[in-house]
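The values are calculated or read from the model by the stated rules, or taken from the named source; none is laboratory data. Keep in mind it's a predicted model, so treat the numbers as computed, not measured. Counting neighbours? That spans all protein chains shown, and the Cβs are built from the backbone with ideal geometry, glycine included.
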Amino acid sequence: MNPLVFPGVYAPQDDTALLTDALAAEPLRRGARVLDVGTGSGALALAAARRGTRVTAVDVSRRAVCTTRLNTWLAGRRVRVLRGNLFRPVAGESFDLILTNPPYVPAPAAEREPRGTARAWDAGRDGRMVLDRICRDAPALLAPGGVLLMVHSVLSGPHSTVGRLREAGLKAAVVERRWIAFGPVLRARQTWLRAQGLLSRTDEKEELVVIRAERPH
């Protein structure tokens with residue numbers, strides 16, 4: 001069953017599908033503690049819950065929280081759904097797996113915090129406004145042997161993500177790649193992205209990556 005998506009909530013797209021594939025390839029014991037940060041419609045949280053894990057889903061958007069609660073109820077799955085900014089609602093907790101499909105699209109209006117639906121994708125001029133916070137804060141929430149799976153665009157610098165996670169003591173690498181056609185957001189700002197040198201004149205597709213980072217035992 002495809003999740004319901006309320007107006008103003010990020011609908012599952014190619015990046016969600018790519019991260020779902022990476023999740024399916026990840027060995028998970030029954031009862032493992034899973035955190036889905038920036039859950040949106042709850043699609044990833046539900047995919048994890050179907051494997052018998054204990055899932056917590058977090059989103060800063062009230063609409064996303066309501067959407068996820070409805071979707072998990074309709075699916076008959078128990079998921080703890082919390083509203084808050086990134087890891088604040090789960091401070092001090094520990095997880096075996098952290099999933100995140102964060103905002104990662106470079107945005108020209110970087111001097112302003114994104115509002116409304118744009119919070120799901122706009123992430124500053126370099127696309128790393130949220131990515132760097134995740135790299136900084138996620139390692140402390142991983143249990144020994146715990147794994148972080150994160151999806152984002154090559155426009156946002158996967159090498160920086162891998163480097164920061166390694167500096168935090170994790171084993172990190174790109175494990176999945178997929179080329180996709182530009183969506184509405186990239187199509188709308190491709191002229192600006194080309195002017196910034198983030199796209200070439202001939203680029204018509206965007207490459208997505210999944211980064212896997214593991215905390216040593």
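If only one of Arg194, Arg201, Arg136 is part of a helix (DSSP H, G or I), more than 18 Å from the chain's Cα centre (by Cα), free of Cβ contacts under 8 Å to residues at least 40 places away in the same chain and surrounded by fewer than 16 Cβ atoms within 10 Å (Cβ to Cβ), which one is it?
When all the criteria are applied, what remains is Arg194.
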Val185 fails exactly one of (1) over 16 Å from the mean Cα position of the chain (by Cα); (2) closer than 22 Å to Glu26 by Cα; (3) of a type in the set (Val, Ile, Thr), namely (2)
Could you tell me how many of the residues in segment 204-217 are touching a residue at least 60 places away in the same chain (Cβ under 8 Å) and either under 16 Å from Leu18 (Cα atoms) or surrounded by 12 or more Cβ atoms within 10 Å (Cβ to Cβ) (or both)? 7
Qualifying residues in segment 45-78 (those that are among the charged types (D, E, K, R) and under 19 Å from Val147 (Cβ atoms)) - the one surrounded by the most Cβ atoms within 10 Å (Cβ to Cβ): Arg54
Could you grab me the full set of residues in segment 79-123 that are modelled with pLDDT under 95, crowded, with 22+ Cβ neighbours inside 10 Å and either on the phi > 0 side of the Ramachandran plot or in a strand (DSSP E or B) (or both)? Val105, Asp122
